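Please read the structure below before turning to the comments.
The values are calculated or read from the model by the stated rules, or taken from the named source; none is laboratory data. What you see is a predicted model; the values in this text were computed from it and never measured. So basically every Cβ, Gly included, is an ideal-geometry build from the backbone, and we count neighbours across all protein chains shown.
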Amino acid sequence: MRWLAIALLLMGCQQEAEPDEGIAVGNPGLTSVSMAITDAVSLTSATGTLNRVRFAGAECGGVDLTSYIDLPLDLALEPADFDFPGGPWCGLILDFTGPLVLTGTWDDGVALGDVDLSLNLGSVSLGAVEDALDVDQDSELAFELAAPGWLDDALLDLADGETLDAEDPLEHDALVAAFADDSQLFDDGDGDGVVTEPERTTGPVATAMELRFESAGAYINGESSDAAQGLGSACGCSSGGSPALPLFLLLAVRRSRRRRS
């Protein structure tokens, strides 16, 4: 009888788990992605893919949200844009797929050569400078990878005609650290998608910081920031139903009958 009670309880829980309607978030603002420049380097391409953005909000009165965008980047040409969902946020984590490939030339006034870099960025995590980053449909933000002059030190030991390629693992990791440690998010006051000196002087709204993020948080796709999909019900059951439940119920009934006989 106990098995039958458990089965009926599970069935009741399953029936209560209606298809998820999603969690409403505010109208999104706009965020542009650009890369800080180094005066001695002229890039012809800077290509990569921003796979997803994780918005950390649970610690700031909101929810943790993951947006899968698969945004192609060529930051040597122009900034790339993605929606920043409305609401209070503690920060965001940008996850890159594959390497960021940079090609071009360098010229420090004494020597010159080519640039051929392939950098595995992984993730870049930014935390709000204030208690929370409030975003609405009027928000325009500029995310800047690395910081101005981030390649200067890499050029110091290069001879004339030498290629900056960072094939040495230590050099590669040092350049990747420039993205992880020095990337920042600014208010984009003029809406041009890049960080201008007045905006830099005002200071960032988010800077490099480790964040707590619930990996099982809500999900949205890259085309719509109106709702988050994929949250289960309060009872923790799958809203889609379990194919094993009828079998479990059948076994429970059989056990009950055996005990009666």
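Filtered by the rule that a residue be more than 20 Å from Glu210 (Cα to Cα) and crowded, with 20+ Cβ neighbours inside 10 Å, region 41-59 gives Val41, Leu43, Ala46, Gly48.
The requirement of being on the phi > 0 side of the Ramachandran plot and touching a residue at least 24 places away in the same chain (Cβ under 8 Å) is not satisfied by Ala142. Asp181 meets the stated requirement of being without any contact (Cβ under 8 Å) to a residue 60 or more places away in the chain, surrounded by fewer than 21 Cβ atoms within 10 Å (Cβ to Cβ), within 24 Å of Glu78 (Cα to Cα) and in the same structural domain as Thr31 (by TED's automatic domain parsing). Quick check on Ala80: is it of a type in the set (A, V, I, L, M, F, W, C), at pLDDT 95 or above and surrounded by 15 or more Cβ atoms within 10 Å (Cβ to Cβ)? Here the answer is yes, as Ala80 does meet what is asked. Hey, among the residues in region 181-198 that are over 23 Å from the mean Cα position of the chain (by Cα) and part of a helix (DSSP H, G or I), which one's nearest to Val115 (Cα to Cα)? For region 181-198, the residue satisfying everything is Glu197.
Determine whether Asp95 is assigned by TED's automatic domain parsing to the domain that holds Asp165, buried (at least 20 other Cβ atoms within 10 Å of the Cβ), within 21 Å of Glu214 (Cα to Cα) and of a type in the set (Asp, Glu). So Asp95 fails the test.
Results for (1) free of Cβ contacts under 8 Å to residues at least 12 places away in the same chain; (2) assigned to a strand (DSSP E or B); (3) within 20 Å of Leu145 (Cβ to Cβ), shown as yes or no for each residue.
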site	(1), (2), (3)
Thr66	no, yes, no
Ile69	no, yes, yes
Glu78	no, no, yes
Pro85	no, yes, no
Pro88	no, yes, no
Leu92	no, yes, yes
Phe96	no, yes, yes
Val101	no, yes, yes
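To keep it simple, each residue is scored yes or no on (1) in contact with a strand residue (DSSP E or B) (Cβ under 9 Å, 6 or more places away or on another chain); (2) in a strand (DSSP E or B); (3) not β-branched (Val, Ile, Thr).
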position: Gln137; (1), (2), (3): yes, no, yes
position: Leu141; (1), (2), (3): yes, yes, yes
position: Ala147; (1), (2), (3): yes, no, yes
position: Asp157; (1), (2), (3): no, no, yes
position: Gly161; (1), (2), (3): yes, no, yes
position: Ala166; (1), (2), (3): yes, no, yes
position: Ala174; (1), (2), (3): no, no, yes
position: Phe179; (1), (2), (3): yes, no, yes
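Exactly one residue out of Asp134, Asp108 is at pLDDT below 95, over 23 Å from Ile37 (Cβ atoms) and assigned by TED's automatic domain parsing to the domain that holds Asn51: that is Asp134.
With respect to being surrounded by fewer than 16 Cβ atoms within 10 Å (Cβ to Cβ), of a type outside the set (Ser, Thr, Tyr) and not in a loop (DSSP other than H, G, I, E, B), Asp114 fits the description.
None of Gly98, Gly87 is over 13 Å from Arg52 (Cα atoms) and modelled with pLDDT under 95 except Gly87.
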